[in-house]
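The values are calculated or read from the model by the stated rules, or taken from the named source; none is laboratory data. Here the structure is a predicted model, which is why all the values come from computation and not from measurement. Positions of Cβ are backbone-derived with ideal geometry, glycine not excepted, and every protein chain shown enters the neighbour counts. Heavy atoms of the whole protein, side chains included, go into the accessibility calculation; ligands, DNA and RNA do not. Shrake-Rupley method; radii C 1.70, N 1.55, O 1.52, S 1.80 Å.
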Amino acid sequence: MGKRTQAAALEVRLLREGIIESRHIVQAVVSDERGRILSVAGNAETATFVRSALKPFQALAVTATGTLERYDLSDRDLAIITSSHKASIEQVRQVFNILWRADIDPSALQCPTPEGKRSSLEYNCSGKHAGMLAVCQQRHFPLNTYMERKHPIQQLIITKVAELLRMPAEEFIGVHDDCGVPTYLLQIGQMAHLYAQLASRSNVDMERIVRAMTHHPVLVAGDGEFDTELMRLTPGELVSKSGAEGVQCVGRLGEGMGLAIKVVDGAKRAKYAVAIHLLQQMGWISPSSAQALSEKFMNVNQYNRLEVIGELSFL
């Protein structure tokens, strides 16, 4: 990662009628597709769980195994596989479509049923789970244990991630995500490296995933959600995926550059504020797009707004 991987972190302030009420400390890294750290705020070697920002890479199990072709799955299906969705009718139907085409009963889903909902199809990670089950069906892997870390589908996924990061798969620290499948402890520099590769257009399987996400952004998150709104405003330019506990990742398409953000205290509002601030600083979004996003994600209400202090340090 080069000789220097640290610089001053960013600070997000919540202002109530111009007076500071709260502060969040945020770290961010920009990497190229070779894994070189180009700029940093905080420490690029800080490790945290990648959470749902891993979903585009978990989807490699679907694109790399012929599962899409075997069950005639579309880019819309692939987009919902990468999603953290809002359980809209459109989104839930897309998850069901994957299972139906792969001849899998929805009861095979082992993600939780959200409180107040009727089915695990409505859980925000159900698309990812449906994709995993489709691969299991296509490869004749057991369906009932697909969430276990030693299951072939999970081993296939971590092998793909390990290849991208040029690390032995057994060195990754895995834990259960809230939905039950493994997530992994990564340095934020490694997350940026993954998204730089996702955006590089040098891999057919990842290019298919990016196309699905950017052509169908409403399936990736939902109306009013950051990932969806950012990709709508930057068609064919940026790919974006949020993760829980203050993780946000963005790739700049065609240039092989990735941005990873981690809010130390896990605050969702702070990661969006920093993403807007840094994307504008780097010229990845236009002033008009930055303004539109700021109005939605930085103006908390008529009395409160967020501001970001600090910049990336270029190495």
Which of rounded, prolate, oblate describes the chain, given a ≥ b ≥ c as roots of the alpha-carbon gyration tensor eigenvalues and a/c under 1.5 marking rounded, otherwise prolate only if a/b is larger than b/c? prolate
Ignoring ligands, DNA and RNA, what percent of the accessible area of the stretch 185-235 is carbon or sulfur (1.4 Å)? 45 percent
Placing unit charges on C-beta atoms (Lys and Arg positive, Asp and Glu negative, everything else neutral), compute the dipole magnitude of the chain about its Cα centre in debye, rounded to 20. 220 debye
For TYR123, the accessible surface traced by a 1.4 Å probe with all protein chains present amounts, in square angstrom to the nearest 10, to 40 Å²
Hz values of 3J(HN,Hα) by residue in the stretch 271-284 - Karplus curve (6.51, -1.76, 1.60), Gly and Pro given as x: 5, 5, 4, 5, 4, 4, 4, 6, 4, 5, 4, 7, x, 7
Size of the dipole of the stretch 180-315 about the Cα centre, Lys and Arg at +1 and Asp and Glu at -1 on the beta carbon, nothing else charged, in debye to 20? 80 debye
Can you pull the one-decimal nm distance between simple spin-label points at ILE309 and SER88, each 7 Å off the Cα toward Cβ? 3.8 nm
Compare the Cα positions of VAL12, LEU143, ALA102 along the charge dipole of the chain (+1 at Cβ of Lys, Arg; -1 at Cβ of Asp, Glu; about the Cα centre) and return the one farthest towards the positive end. VAL12
With +1 on each Lys and Arg Cβ and -1 on each Asp and Glu Cβ, how big is the dipole of the stretch 112-201 about its Cα centre, in debye rounded to the nearest 20? 280 debye
Residues meeting the amide H criterion for VAL247 (H placed from the backbone, H to H distance under 5 Å, 5 or more places apart or on another chain) are VAL263
Just add up the charged neighbours of THR228: K/R +1, D/E -1, any other residue whose Cβ is under 13 Å from the Cβ of THR228. -1
How big is the stretch 27-164 by the Kirkwood estimate over distinct Cα pairs, in Å? 16.0 Å
Cα gyration tensor shape of the stretch 194-315, rounded if a/c is under 1.5, else prolate or oblate by comparing a/b with b/c: prolate
